[in-house]
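First the structure, in the form of structure tokens, and then the observations on it.
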Amino acid sequence: MDTNREQGMPGMRDTMSEQAGRTAERVAEQASRVTDLAAARAKGIMTSAREGAQQAADYVQEAVQQTREKVAEYTEGGLDRVRDDVINYTRQQPMNALLVAAGVGLIIGWLTALGRR
């Protein structure tokens, strides 16, 4: 009877070994798929990040250029140019001008209050 068990064991071992091999292959395939998917997503994220950084850099460069142009205009035009621009802006957008004035007044109030302490 023990001889039958011993003879049956190698067959079972082979079957179990084959099953383990197939399972290992499936796990390896799934791991490869997950790795490929993660790599593709990471590549997409990196591309989006690069594009966003480039857009931000372009925006900053444009803002710097506009600021330089305005400073040059005000340097050439003097205080009269600044006064005219403020008057025109106030006439075109009175609500925004009022909110800016209120914000500036609030900040000046905070700063002077901190100076008294």
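Run the dipole for region 2-116 about the Cα centre, Lys and Arg Cβ at +1, Asp and Glu Cβ at -1, nothing else charged, and hand back the magnitude in debye, nearest 20. Let's see the in-between values first.
Details: 14 positive and 16 negative charges, 78 e Å.
The calculated dipole for region 2-116 is roughly 380 debye.
Restricting to DSSP H runs of at least four residues, report the calculated mean residue ellipticity at 222 nm for the chain, -39500 (n - 2.57) per run over all residues, nearest 500 deg cm²/dmol.
Details: 2 runs with 114 residues, N = 117.
When only DSSP H runs of four or more count, the value is -37000 deg cm²/dmol.
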Just to be sure I understand, if you calculate log10 I(q)/I(0) by the Debye sum over Cα atoms at q = 0.09, 0.15, 0.21 Å⁻¹ for this structure, which of (i) -0.39, -0.83, -1.14; (ii) -0.32, -0.71, -1.16; (iii) -0.64, -0.98, -1.16 do you get? (iii)
Using alpha carbons only, how many degrees (0 to 90, rounded to 10) separate the axis of helix 94-116 from the longest principal axis of the chain? 90 degrees
If R0 = 30 Å, then Glu62 and Leu98, at their Cβ-Cβ distance, give a FRET efficiency to the nearest 0.05 of 0.60
Please name which of Thr35, Tyr59, Ala101 has its Cα lying farthest along the dipole of region 2-116 towards the positive end, using unit charges on Cβ (Lys, Arg +1; Asp, Glu -1) and the Cα centre as origin. Ala101
Taking a label point 7 Å from the Cα of Gln55 along the Cα→Cβ vector, which residues of region 33-49 have an amide N closer than 12 Å to it? 48-49
So the FRET efficiency between Ala38 and Glu18, C-beta based with R0 = 30 Å and rounded to 0.05, is 0.50
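Readers should treat all values here as calculations from the given coordinates under stated rules, not as data from a laboratory. What you see is a predicted model; the values in this text were computed from it and never measured. FYI the Cβ positions are ideal-geometry reconstructions off the backbone, even for glycines, and counts take in every protein chain you see.
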